[in-house]
Amino acid sequence: MKFVGRQFKKIDSSAITSGKPIYTDDLAAADALIVKVLRSPHAHAIIEEIDVSRAEAQPGVEIVLTHKDVPKTRFTLAGQSYPEPSPYDQLILDSKVRYVGDAVAIVAAQTETQAENALKRIKVTYKKLEPVLDFETAIDHPSIIHDEEVHFNLPQHVGGQDTKRNIMASYGFSFGEDIETTLADCDVTLERAYYMQAAAQSMMETFRSYTYLDARDRLCVITSTQVPFHIKRQLARALEMSPSKIRVIKPRIGGGFGAKQTSESEIYPAIVTLKTGKPAKIVYTRKETFSSSNSRHAMRITVRIGADRSGRIRAIDLHSLSDQGAYGHHGFTTVKLTGEKSIPLYNKLEAAKFSADVVYTNKLKAGAFRGYGATQGTFALESAINELADRLEIDPVDIRQMNIVQEGETTLAFDKLIESSKLDRCIETGAKMIGWHDKPRRRVMEDGTIRATGMAITMQGSGIANIDNATAIIKLNETGDLSLFISASDNGMGTDTVLVQLAAETLKVDPDEITLIAADTDLTPYDPGSYASSGAYVTGMAVVNACNDLKNKMTEMAAAYWNVPPAEVEQKDGAIYHKDTRLPFIDLGRILSVGPSGGTLVGTGSFGHPASPPPYMAGFADINYDPKTGLVKVVDYVGVVDCGTVINPALATVQAESGVVQGIGYALYEDVQYGPTGQLFTNNFLQYKIPTRPDIAQVRIAFEESYEPSGPYGAKSIGEVVINTSAPAIQSAIHAATGRYLYHLPMKPEAILFGEK
Amino acid sequence: MITLTVNGKVHQTEVDTNEVLIDTLRRLGYKSVKRGCETANCGLCTVLLDDKAILSCSLLSLRADGKHILTLEGVREEAKLLGGFLAEQGGEQCGYCTPGLMMNTIAMKRELVDPTDEEIAHYLMGNLCRCSGYVSQLRAIRQYLEV
C-alpha cells in the first residue's frame, strides 16, 4: 500500500507548529460579549431568592439571566446518538443546585472585569439541603437529588432507573451456566472490591464556545467540541428552537479525551446571543474546568472469580457501583463497559455475570474520559486475575495465554464474534521486550531501591455496535482536485490525517490533491463525532466507501466518454486509464464542467456495523520502588497493541504512548478530592497533578497487527484501549515489590508503605 | 501607554494596571500565545522576554515596557525546524501546548550544552502536555538539538 502504513505528517501540523490562529478563542470576534457563570457554593440547595438588580446596573453589563429567564424543557448534554441513553435531567439554569459549581446565573458584559464585577453583585438566598456525598450510601438516602420528573429514553425495565431512590441506572446480564453453582464448584475462588477514583481529563484547552447570528439570523456556534452534530440537536431542544436555525462548527481543538463529548460551555453564550442578538463567548477558567464540567466516573467494582487448580478460569462475576454525580451524562453506557470491555478477554468461561448500579450524588457530574468505564473494569478484573495467578502460583503471563479469547471464537460474555486478534502475540512480544522471563520480578538494587515488574491486558471497541454511523462525501472538483467532507471531529490525535491517507489510498492519488473539510453541521455529513474509538474505523470505512463510489462514477463517466465497456477502464495515479489512453482528473473535471452532459461527480459512503471489533493490548510495567519513601516511578513501560492494520505508525505510536502515560497518572497520583461539604479541593494543576516530563522515563510501543475484515484496510481503533493497562500492571508490580495488594486508586506512597485505610 | 517590541515590531499600547502580558499580546494579534491555567503551572503562555523564557501570564504588561518580546510568530526558521521534527514524530498532537513548548525549547537550545534526557525533562518540566505522553516530543527535541 502506498499511503496506509506509511509515515505521514498531520495535515494541520504546519499550522499548529507555526502558531496559526486556528482554535475557538482565536476565531472569536474582538467585540464578542464576555459570558461568565455564577456557580453554586453549596452541594445541594434550593434557590429561594435571587436578586440581580445590582449586577444589571454595573457598567458594561448587557444581560443577566437566572432560572426565571430560561426555557423549562429538560435535556441532556451527553454527546450521544439520539435517543440518548442519558436522562433528560437538567435545565440551562434550575431553581435547585445539585453540586458545588452548578450554574446559578449567567452574566454577559463588554469586558471580563465587568462580567466578574457583576457576578459578585448577584444576591442569592439558598435553602440548604442535606447533600449526598458518599456514593456507597446514595441509594435510598433521605435526600433525593432529582425529585423532579426526569425523562429517560431507555424504558425502566432496560435501564432500571429510579430517581426517587437516587438510582440513575441498574441492570445486569448473565451468560452461560449459573454463576453461583459454577463458583461453588471451582477449586479456587477470589472475591475482591476495587475502588477507582474520579479523574480529570485535563486537556490543555479548557472548554470554550463562541456564538453569533449569521446574515439570516441563525445561531452559529464555533466551539471546542468532539460532538458538533449532537450539540446542534441538543441546543435546539434546550433552547426550544428549530434545529434549522442552528449551525455548529468545530475548529482545531486543544484536546478533549472525552471531556468535550459533553456539551459543557455552548449553552451559555448561545442563550446570550439569542437574547441580545450580539456575538458572545465563554472561556472556562482551569478552575471551572475542574469544578464545573465532568470527570471520570468513580467506581467500586466487586469481582468474584473462580478457577480450577490448573489455572483455567471458569467463572467471572463483576458488580459495578458507579458514582454519577449530579447529572446523568454517560452513566448507563460507561458502567456497561466496565463489564463488556473486560470479561470477554477471557473465554474458557462456563459462567459470567455482570451487574451495575449507577447512583446520583451531589458532586461534579461524571462523563466520558478515554477508556469510558473499560479503564475502571480493567483495573478491577486484571488486578483480580493477577492475584488469582499468585494464589495458584502460575505466572501472570501463562494464566493469560491459557485463558484469553482467540481469533475466530465467539465470547461467552456479551456474545462477541472475534474476527481479528493478535492478543496472544501482544503478550508474547511484550514479555520479550520487558525481559519478563529473563529476570526475577523483584530485584533489590545497590542503592536499596527495588525494581519490580507487573503486567495486564485489555480490550476496547471500535465504534458503537449498531449505533454509530458516519457518512463521508468526496467531490471531484472541475480543477481535478478533490474535496473530502467528513465530520469525525479530530481533536488533536490526527483523525483528519488518517482519513486523507485512506482516501488517497483508495483513489490512488497524491494526498496533497485532497482537501479535507471537517465538522460543520451546515456543510459536512452526519457523524456522531469523536468518541467510542470510532474515527479511523467508522468514519474511516465511510471514507473508503465514498471513495469507491466516486471511483465507480469516474470510471463509468470515462467509459461513456470513450465509448468502451466500464470493465476495461481503470483508475490510478490521479487519472483514468483505458489501455494506454490516459485521462487525468483535471481533464475529466474540465469535460464535466461544460455542456448538457456535464455535472459534478460526488461519491458518498456510509458505515455502521453490527459489531465493535476490539483492539487489544498487553502492558508491562517495570517500576522502581523506594522502600524509604514509598515512592514508585515507572522506569520502563512496554505496550504492545493490536489495533489491526496500523494506518499511520507515528500517530498510532503517540496514541499508545499518551494512553500509557495518562494511565500512569491515574494509577499513581491523579485524584479528584472533595471536602466534607462537597467542595472540590483539586481545582487547579497545583492540587491535581498530571504527569510531567520528569515523571515519565521510558515508554516503548510495538504493534502486533491483526487484520480486521470489517475495517478500512484491516484497521481497528487505538484511541482508548491504550489507557487501560497502566494501573493494573503497576498494581501488580507494586505487589511484586512489596508483597502488598492495593485495592484503591491512586496508589499513593503512604498506602504502599502503611497499607490502605 | 507602554512600548513593546514584539517580534521586531514596535507597539505602543494602553494597558490596565492589572493586565498581564499574555492578554496584551493576544489583543495585539499574537494568537500563538495560549493560556492553560491560572496558577503558572502549564507553561502554554511561554514567550521570550529579552531572550529569556518567561510565563506571560505571570508578568504585568507594565513591567514589559521597553522590552523585546519573541513569540512563536517571530521565530519562523527555528519554528520550522523544530516543528518539522515534532510533526515527523506526531508529537505536536492537538497543538495547544506546542507554542509554549517550542519557545522554551528554543530558549533551552541557546542555554544548555549537550543536555541529557534528564536535563531536558527538568528544563521543560513546566510545559505540560496531555496528548503526547512526552516521549515523542523528547525524540523530536533530541533531533532538533543535534542540528
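So for the stretch B:2-73, what are the equivalent ellipsoid semi-axes in whole Å, largest first, each being the square root of 5 times an eigenvalue of the Cα gyration tensor?
Numbers: eigenvalues 58, 36, 23 Å².
Ellipsoid half-lengths, sorted descending, are 17, 13, 11 Å.
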Shape call for the stretch A:1-61, from the Cα gyration tensor axes a ≥ b ≥ c (a/c under 1.5 means rounded, otherwise prolate when a/b beats b/c, else oblate), comes out oblate
Mean Cβ-within-10 Å packing, highest first, puts peptides A:268-276, A:612-620 in the order A:612-620, A:268-276
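Antiparallel as a % of all DSSP beta bridges within the stretch A:465-607, to the nearest 5?
Numbers: 18 of 23 bridges.
If we restrict to bridges inside the stretch A:465-607, about 80 percent are antiparallel.
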Taking Cα atoms only, helix B:98-111 is inclined relative to the longest principal axis of chain B by an angle, in degrees rounded to 10, of 80 degrees
Distance in Å, no decimals, from the C-alpha centre of the stretch B:1-41 to the one of the stretch A:220-259 is 30 Å
Within 10 Å of the Cβ of an average residue in A:198-209, the count of other chain Cβ atoms is 4
Highest mean packing first, using Cβ neighbours within 10 angstrom, the peptides A:4-10, A:527-533 sort as A:527-533, A:4-10
For the stretch A:465-607, the Kirkwood Rh over every pair of distinct alpha carbons, in Å, works out to 15.4 Å
Restricting to lysines and to Cα separations under 19 Å from A:Lys757, and discarding same-chain partners fewer than 8 apart, the set is A:Lys748
Under the Karplus relation with 6.51, -1.76 and 1.60 and θ = phi - 60°, whole-Hz ³J(HN,Hα) for the stretch A:682-698, x at Gly and Pro, equal 8, 10, 7, 6, 6, 8, 9, 9, 8, x, 10, 4, x, 6, 10, 9, 9
With Cα springs under 10 Å, the Gaussian network model of chain B assigns the largest mean-square fluctuation among B:Tyr134, B:Tyr30, B:Tyr96 to B:Tyr134
Restricting to lysines and to Cα separations under 25 Å from A:Lys336, and discarding same-chain partners fewer than 8 apart, the set is A:Lys164, A:Lys260, A:Lys348, A:Lys353, A:Lys363, A:Lys365, A:Lys416, A:Lys422, A:Lys716
In whole Hz, the Karplus estimates of ³J(HN,Hα) for the stretch A:49-62 (6.51, -1.76, 1.60; θ = phi - 60°; x where Gly or Pro) are 9, 9, 10, 10, 4, 6, 5, 4, 7, 5, x, x, 7, 9
Taking A:143-149, A:504-510, A:101-107 and ranking on average Cβ neighbours within 10 Å, highest first, one gets A:101-107, A:504-510, A:143-149
quick note, chain A, DSSP beta bridge pairs, % antiparallel (nearest 5) is 80 percent
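By its C-alpha gyration tensor, with a ≥ b ≥ c as the square roots of the eigenvalues, how is the protein assembly as shown shaped: rounded for a/c under 1.5, else prolate for a/b larger than b/c, else oblate?
On the way: a/c = 1.26, a/b = 1.07, b/c = 1.18.
Rounded.
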From the Cα centre of the stretch B:101-139 to that of the stretch A:119-137, the distance in Å is 44 Å
per DSSP, antiparallel bridges as share of beta bridges in the stretch A:281-413, % nearest 5, sits at 50 percent
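Calculated from DSSP H runs of 4 or more alone, at -39500 (n - 2.57) each and per residue, what is the 222 nm mean residue ellipticity of chain A, nearest 500? Present the calculation step by step, with values, prior to reporting the outcome.
Working: 19 runs with 192 residues, N = 757.
One gets -7500 deg cm²/dmol as the mean residue ellipticity at 222 nm.
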Here the stretch A:613-626 yields Karplus 3J(HN,Hα) values (6.51, -1.76, 1.60; θ = phi - 60°; whole Hz; Gly and Pro given as x) of x, x, x, 10, 8, 10, x, 10, 9, 10, 10, 10, 10, 9
Honestly the stretch B:75-146 on the Cα gyration tensor test (a ≥ b ≥ c root eigenvalues; a/c under 1.5 rounded, otherwise a/b vs b/c for prolate or oblate) is just rounded
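For the stretch A:602-757, report the translational diffusion coefficient in µm²/s to the nearest whole number, using Stokes-Einstein at 25 °C, 0.890 mPa s, and a Kirkwood Rh over Cα pairs. Provide the component values of the computation, followed by the final result.
On the way: Rh = 17.4 Å.
For the chosen part, D equals 141 µm²/s.
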When A:Trp562, A:Trp436 are ranked with the fewest other C-beta atoms within 10 Å first, the list becomes A:Trp562, A:Trp436
Taking a straight Cα-to-Cα line shorter than 17 Å from B:Lys9, and setting aside same-chain aspartates and glutamates fewer than 8 residues away, one finds B:Asp50, B:Asp51, B:Asp65, B:Glu73
The stretch A:19-83 and the stretch A:409-469 have their Cα centres apart by a whole-number Å value of 45 Å
Asserting the computed 222 nm helical MRE of chain B (DSSP H runs at least 4 long, -39500 (n - 2.57) per run, divided by residue count, to nearest 500) equals -11000 deg cm²/dmol
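Bear in mind that the values in this text are calculations on the coordinates, not laboratory data. These figures come from a predicted structure and were not determined experimentally. Don't worry about glycine lacking a Cβ; one is built from the backbone with ideal geometry, like all the others, and counts go over all protein chains shown.
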